[in-house]
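The values are calculated or read from the model by the stated rules, or taken from the named source; none is laboratory data. The shown structure was predicted, so the numbers you read here are calculated from the model rather than taken from an experiment. Note that each Cβ is placed from the backbone with ideal geometry, even for glycine, and that neighbours are counted across all protein chains shown. Just the protein is used for accessible areas: all its heavy atoms, side chains included, with ligands, DNA and RNA removed. Shrake-Rupley method; radii C 1.70, N 1.55, O 1.52, S 1.80 Å.
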Amino acid sequence: MIKWVTTRFWSTVASLILRNRIFCILLIVATTIFLGMQWKNIRFSFTEASLLPDNHPFNVQYQSFVDRFGDEGNLIVLAIQDSTLFTVDGIRQWGELTKSFEGLEAVSSVSGIGNLKQLTKNTNQQNFGTQNIPYQNAKNQKEVDLLREQLLVKSPFLHGILINPKTEVFQTLIVLKKEVVNSRNRELFVQNQLIPKIQNFEDNTGFDVRVSGMPYIRTINAGTILSEIRMFVIAAGLVTTLIFFLFFRSYRATFISMVVVMIGVMWAFGILGLLGFEITVLTALIPPIVIVIGVPNCIFLINKYQQEVQKHGNQARSLQRVITKIGNATLMTNMTTALGFATFTLTSSKLLIEFGLVASINIMLIFILSLFVIPIIYSYMSLPKQKHLAHLNRTWMNGFINWMERVVRHKRISVYFVSVIALMMSIIGIYQIKLSGTIIDDLPKKASFFKDIRFFEDQMSGVMPIEVMIDTRRKNGATQLSTLNRIEKLATYVRGVPELSEPLSIAHIAKYSKQTYYNGNPLYFKMPTRQEYSFIGSYVKNSLSGGGIAESLIDSTGQYIRLSTMLKDVNTERMEEIESDLLQTIARLFPEEKYDTQLTGKALGYLKGTRFLVRNLVVSLSLAIFLIALFMAYTFRSFRMILISLIPNIIPLILTAGMMGFLGIPIKPSTILVFSVAFGISVDDTIHFLVKYRQELETNKWKIKKSVYLALRETGVSMFYTSIVLFFGFSVFMISSYGGTVALGGLVSATLLFAMLANLILLPSLLLSLEESIANKRTLKEPRIDLLTDDEV
């Protein structure tokens, strides 16, 4: 059976392809048209991708919070800091901008200068009404000055929420409707209404408006990702085409390879549409990955075709041998690459599952395309000219191969010494790696919206939401004075944490209610005493029953209460300290025998998601190594060959991890992808070398030294070509504006470069060092791969 698969099967495949060229072409065209029709189903993700599975305890808790209080990510914030704001024209224009958002279909509410409200005491009905804060429509400078005093001195309720009184930053809050936040309407609002209004305001006034909030950031971020998809595809195509042409010096070969990868890119978008997956920051990388991985396939196939033509000049035989001798090895290498991506489907993260599934499918499809398209197109062309074959005998390449052979032959001890020293240094570097789990860590640092994020972080003490939800276990328990005092104690603790912003809760309203009861005197902005609450409490409860702000701070039953704050962009260790201290404080203030509490929010969700992914991807990488080890065991039936095949591929991963530690590159969702991706690709060279080595062993009657040197000469050129293409291909991602994508491209490129050197120098050195032991035990006496022909690689 194995013999039939490795010989007769590929001969049959070659015959079917070359004898049915028209049918194959029509099939490829039909498939391309069909998948092209699926492009209409491609859409960008309007929801935030969760790093945690839906059934994860944190997500379950967070969803219960959202069901009760709504999505915390529905707020857009505008801010202005300008000494000339408090003029008649300045206040009028800023107020008009605020009021221009009122009544828009996507907007639920707007709060800012122009429509700010204040509580008023209604003694007869024992509740609070609302009225506009005076002087917002100031007619002269005196009224402007009175408004400034009202906001900065007499309205402590707004301080830390809408106003920073120390630096005189004033905000306008735009709350989007729940159904808009995760829909196409959010993008339409931001692009067609929000941004034009702000730009028009800035042009007319000269003021600089700062904008932030998750709906705005997600929309602008989505546009950046889409533009980078185009940039990556173009850059990857140009770089790989240029390198390919420099190697082969053939327009015809370059054109054929580009036809293959362009069809592959079209299929990649079609697969996304067919499966109904959305374009995310990860799936956006698939088209350029298809180009980068597809070109090495073309290199192996075209290089083998030209070698055959140079040997005997028979086109039909050359095309037949391209498929029969390269097909199996190329299939194995593409399978291992696909396996590296497929391990992401085991992470329980929807984001990574979709990325891994689509990437692995497209890697196998680009292999099929290469196997069909290249022989078929060449069959309609004339034989390559001698100048197109000159690259097979280049002096510099022969010099490079001779250098590697000398190193392997005479300097194996030096190779091992350098490898051990590099490993020791890398292990030291690994202990310096830190974990990063912040939402804004990978956002484009040079983008204007990122600068605005930093502005809000500095001025309002936080950008990432943290929420505390408390279940009092009884109706209207949240409005009891004892509960309010506990909430205020928690708020006082939060104010003492420099990385957290001014908290907002029902206790804040209770303090404002006391101030209002005492005719707006800011000295009374404090928690009411028990005696005061006996008459102020009825005002508070009656006012809350009217809705409005109550919807965001207390549920309709009065049983659940919420405290909201914002976290600065801090490192993971500090974030975990803040979480731990908050949990301890909450547990102390709200004992579990009386209250049920939850600490949640997107900031903590991202941190927990990062740790979850690290654990899962360590498991998936281990599984990838194990599966490839099984594959090697099936192929070579030798434990030592398994070790020999894994060592040159695991060492580059350790070197890369050490480099991350020394360069200060943290472990985060973008960088933890590096290891599985790089391992799946780098093991390809190992397979090519060992397959050829195995063939040379049989041909040369088990003479290990001769077989190693012949395998090195035969595969060295193609391995060098493909490694260079992969190195520069993944380096394309370093032009991204996203730090995570830059790190992914740079680290994968570095890992593949290390892997090339390991496979061309360390791997043959290990084989020679184990020569006597391997020869004596005849571990390769009955190999699985012996049925591959001599020139398979």
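If only residues of the range 240-260 that are open to solvent by less than 10 Å² (accessible area, probe 1.4 Å) and among the aromatic types (Phe, Trp, Tyr) are counted, the one that is nearest to LEU226 (Cα to Cα) is PHE244. Counting residues in the range 527-545 that are modelled with pLDDT of 85 or more, more than 32 Å from the chain's Cα centre (by Cα), open to solvent by less than 50 Å² (accessible area, probe 1.4 Å) and more than 15 Å from VAL468 (Cβ to Cβ) gives one or more.
Between ILE279, ILE293, ILE263, the distinction of being at pLDDT 80 or above and surrounded by fewer than 24 Cβ atoms within 10 Å (Cβ to Cβ) belongs to ILE263 only. What do you reckon, is SER64 touching a residue at least 40 places away in the same chain (Cβ under 8 Å), over 30 Å from LEU282 (Cα atoms), open to solvent by 30 Å² or more (accessible area, probe 1.4 Å) and not in a loop (DSSP other than H, G, I, E, B)? Against the criterion (touching a residue at least 40 places away in the same chain (Cβ under 8 Å), over 30 Å from LEU282 (Cα atoms), open to solvent by 30 Å² or more (accessible area, probe 1.4 Å) and not in a loop (DSSP other than H, G, I, E, B)), SER64 does not qualify. Would you say VAL144 is open to solvent by less than 30 Å² (accessible area, probe 1.4 Å), at pLDDT 85 or above and assigned to a strand (DSSP E or B)? Taking the combined requirement at face value, the residue does not satisfy it. Being in a loop (DSSP other than H, G, I, E, B), aliphatic (A, V, I, L, M), more than 33 Å from the chain's Cα centre (by Cα) and closer than 19 Å to ILE161 by Cβ is true of LEU85. Of all residues in the range 602-645, those that are within 29 Å of ILE667 (Cα to Cα), of a type in the set (Gly, Ala, Ser) and open to solvent by less than 10 Å² (accessible area, probe 1.4 Å) total 5. Return yes or no: is ALA510 without any contact (Cβ under 8 Å) to a residue 40 or more places away in the chain, under 21 Å from LEU563 (Cα atoms) and aliphatic (A, V, I, L, M)? The answer is yes for ALA510. Annotation: of all residues in the range 320-337 being hydrophobic (A, V, I, L, M, F, W, C) and buried (at least 22 other Cβ atoms within 10 Å of the Cβ), the one that is nearest to the chain's Cα centre (by Cα) is ALA329.
Tell me which residues, restricted to the range 580-589, are more than 25 Å from ASN74 (Cα to Cα) and buried (at least 16 other Cβ atoms within 10 Å of the Cβ).
Residues satisfying the conditions are THR585, ILE586, LEU589.
For ALA79, the conditions (1) in contact with a helix residue (DSSP H, G or I) (Cβ under 7 Å, 6 or more places away or on another chain); (2) modelled with pLDDT under 90; (3) small (Gly, Ala, Ser); (4) assigned to a strand (DSSP E or B) are fulfilled apart from (2).
Taken over the range 697-711, the criterion of being in contact (Cβ under 8 Å) with a residue 60 or more places away in the chain and either over 22 Å from ARG637 (Cα atoms) or touching a Ser or Thr at 6+ places or on another chain (Cβ under 7 Å) (or both) is satisfied by LEU697, TYR709. Counting only residues that are under 18 Å from SER64 (Cβ atoms), part of a loop (DSSP other than H, G, I, E, B), in contact (Cβ under 8 Å) with a residue 24 or more places away in the chain and more than 28 Å from the chain's Cα centre (by Cα), the range 550-603 holds 6 of them. Could you tell me whether the range 216-239 includes any residue that is under 22 Å from the mean Cα position of the chain (by Cα), modelled with pLDDT of 85 or more and within 23 Å of LEU97 (Cβ to Cβ)? Yes. The conditions of being crowded, with 17+ Cβ neighbours inside 10 Å, part of a helix (DSSP H, G or I) and out of contact with any helix residue (DSSP H, G or I) (no Cβ under 7 Å at 6 or more places or on another chain) are met by GLN150. The set of residues from the range 648-701 being open to solvent by 10 Å² or more (accessible area, probe 1.4 Å), part of a helix (DSSP H, G or I) and among the charged types (D, E, K, R) comprises ASP684, ASP685, GLU696, GLU698.
Looking across GLU577, GLU592, one residue alone is surrounded by 14 or more Cβ atoms within 10 Å (Cβ to Cβ) and out of contact with any helix residue (DSSP H, G or I) (no Cβ under 8 Å at 6 or more places or on another chain). It is GLU577.
Of all the residues in the range 563-591, those that are over 22 Å from SER436 (Cβ atoms) and either at pLDDT below 90 or among the small types (Gly, Ala, Ser) (or both) number 2.
What number of residues within the range 712-722 satisfy the criterion of being open to solvent by 10 Å² or more (accessible area, probe 1.4 Å) and in contact with a Leu (Cβ under 9 Å, 6 or more places away or on another chain)? Here the count works out to 2.
What tally of residues in the range 180-230 results from selecting those that are among the basic types (Lys, Arg) and open to solvent by 40 Å² or more (accessible area, probe 1.4 Å)? Adding up the residues that qualify gives 4. Can you list residue pairs whose Cβ atoms sit under 7 Å apart, with the first residue in the range 303-326 being under 10 Å from TRP10 (Cα atoms) and the second being open to solvent by 40 Å² or more (accessible area, probe 1.4 Å) and not in a helix (DSSP H, G or I)? Count only pairs 6 or more apart in sequence or on different chains. That search, which allows pairs on different chains as well, returns THR324/THR789; LYS325/THR789. The residue pairs whose first member lies in the range 345-359 and is over 14 Å from GLY273 (Cα atoms), whose second member is of a type in the set (S, T, N, Q) and outside any helix (DSSP H, G or I), and whose beta carbons are closer than 8 Å, counting only pairs six or more residues apart or on different chains, are SER349/SER50; LYS350/SER50; LEU351/SER50; LEU351/THR280; ILE353/THR347; GLY356/THR347. Just one residue in the set ILE466, ILE487 is buried (at least 23 other Cβ atoms within 10 Å of the Cβ) and at pLDDT 90 or above; that residue is ILE487. In the set ARG43, ARG92, only one residue is within 30 Å of LEU613 (Cβ to Cβ), open to solvent by 40 Å² or more (accessible area, probe 1.4 Å) and out of contact with any Lys or Arg (no Cβ under 8 Å at 6 or more places or on another chain); that residue is ARG43.
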